[in-house]
Structure formats: C-alpha cells, structure tokens
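The values are calculated or read from the model by the stated rules, or taken from the named source; none is laboratory data. From a predicted model like this one, the values you see are computed outputs, not experimental measurements. Positions of Cβ are generated from backbone atoms using ideal geometry, with glycine treated the same way; all protein chains shown enter the neighbour counts.
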Amino acid sequence: MHIEETKLKGCFLLQPKVFKDDRGYFFESFNQKVFEEATGSTNIFVQDNQSFSTYGTIRGLHFQQGEFAQAKLVRVIQGKVLDVAVDLRKDSPTYGEWVSAELTDENNLQLYIPRGFAHGFSVLSETAIFSYKCDNYYNKASEGGLRFDDATLNIDWKIPLDKVVVSEKDKVLPTL
C-alpha cells in the first residue's frame, strides 16, 4: 500500500496495491500495522458506516466535537465522489484550508481524515456507495458542521449549483 501525506498535516491519501487477473481483482483495503507505520497514527477504528447517494448529493461538511471527535478512513465501494477534508485545528498552520481527492471504485483511493477536521463529499457519478471507518462512536449531541458553500472555504464540489442536493439540516449549518 502506498500512503502519502497531503498538504494538511496528519491527513493521508492511501492507495492499495490491487492484484488483477481474469477472475477480477483483490486488494487489502486496510492493515492496522501498515497504517500505523506509515502515518504514525494509532487509531483503532470502532465503527463502520456506509451511505448510498445519487448524483449531485453533497454530504457535509460534518465533524464530531470534544471527547467524541472522530478520525475517519473513507473510501468508495461503487461510483465516484469528490472527498473533502477541512482543517479545523485552530493551532494548525493550515487552519481553514482544505484538500480534496476523487475517490472511485476504479482507483480504490482512500482518505484518512484525523480528528479536528470537517469532512464531506459530493457524488460525481449517477450513484455512489461510500464507506467510513471511524475511531470513535457517533454522538448526536457532539455533531457539528459547516456549510458546503462557505465563501471563505470556496470549495469547488464539481457539481453545478442547480444540480446540488443538500439535506435541510446541512442547509442551515454555520460558516467557518
């Protein structure tokens, strides 16, 4: 597995080695030992989540606060998304900056988002199945978020505005 840190400290892009033959393919999507050695992170993932979404859907930008903060390792099972991580660590030199990566069922890329980041994605294919590994349990009282269209962040979600689908809850999130 190839693991590379993004411009945001602690946020990594993972590329598994895929073995293909006439039957199909095989790859190891996660290995705790390899992950820890490459990232220095000792997260233990305790919860897996999966979502299904249609083209134009933007989920996020979401995060958990305080003792319920979550690190996430995300990937696409089917389809194509633009995945986005925003650094919310006030003491970080990259506070308020973001990175994005196209995650697809063909490139098998994964993004590791540490605690202290907001996370979201837009669906670029007709449909997408998205998988999240989290290192802490979800707690409704600790959830937070930022508007997807925050002018300060100026994220290009690669979806025309007239095609964007956002939940009612996400429409009223605050800006950075």
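Annotations
- Positions within segment 6-54 being farther than 24 Å from residue 125 by Cα, polar (S, T, N, Q) and within 14 Å of the chain's Cα centre (by Cα), in sequence order: 6
- In summary, no strands (runs of 3 or more DSSP E) completely within segment 1-47 bear 2 or more residues that are closer than 26 Å to residue 139 by Cβ.
- Criterion applied to 48, 91 was being farther than 25 Å from residue 159 by Cβ and without any contact (Cβ under 8 Å) to a residue 40 or more places away in the chain, and the one residue passing it is 91.
- Looking only at segment 50-65, residues that are surrounded by fewer than 19 Cβ atoms within 10 Å (Cβ to Cβ) and either farther than 21 Å from residue 98 by Cα or among the β-branched types (Val, Ile, Thr) (or both) come to 5 in all.
- For segment 80-104, the candidate set comprises residues that are assigned to a loop (DSSP other than H, G, I, E, B) and among the acidic types (Asp, Glu); within that set, the residue that is surrounded by the fewest Cβ atoms within 10 Å (Cβ to Cβ) is 91.
- Subset of segment 105-144 [part of a strand (DSSP E or B) and among the aromatic types (Phe, Trp, Tyr)]: 112, 117, 121, 130, 132
- Residue in segment 127-134 that is of a type in the set (Ser, Thr, Tyr) and under 12 Å from the mean Cα position of the chain (by Cα) present: yes
- Identity of the residue in segment 146-168, in a loop (DSSP other than H, G, I, E, B) and β-branched (Val, Ile, Thr), that ends up nearest to the chain's Cα centre (by Cα): 155
- Residue that is modelled with the highest pLDDT, among those in segment 22-42 that are among the polar types (S, T, N, Q) and touching a Phe, Trp or Tyr at 6+ places or on another chain (Cβ under 8 Å): 39
- Odd one out for residue 77 among (1) free of Cβ contacts under 8 Å to residues at least 60 places away in the same chain; (2) assigned to a loop (DSSP other than H, G, I, E, B); (3) touching a Ser or Thr at 6+ places or on another chain (Cβ under 8 Å): (2)
- Restricting attention to segment 3-49, the residues that are in contact with a Leu (Cβ under 7 Å, 6 or more places away or on another chain), crowded, with 16+ Cβ neighbours inside 10 Å and farther than 18 Å from residue 130 by Cβ add up to 2.
- Considering segment 48-63, and only residues there that are of a type in the set (Ser, Thr, Tyr) and part of a strand (DSSP E or B), the residue that is farthest from residue 162 (Cα to Cα) turns out to be 51.
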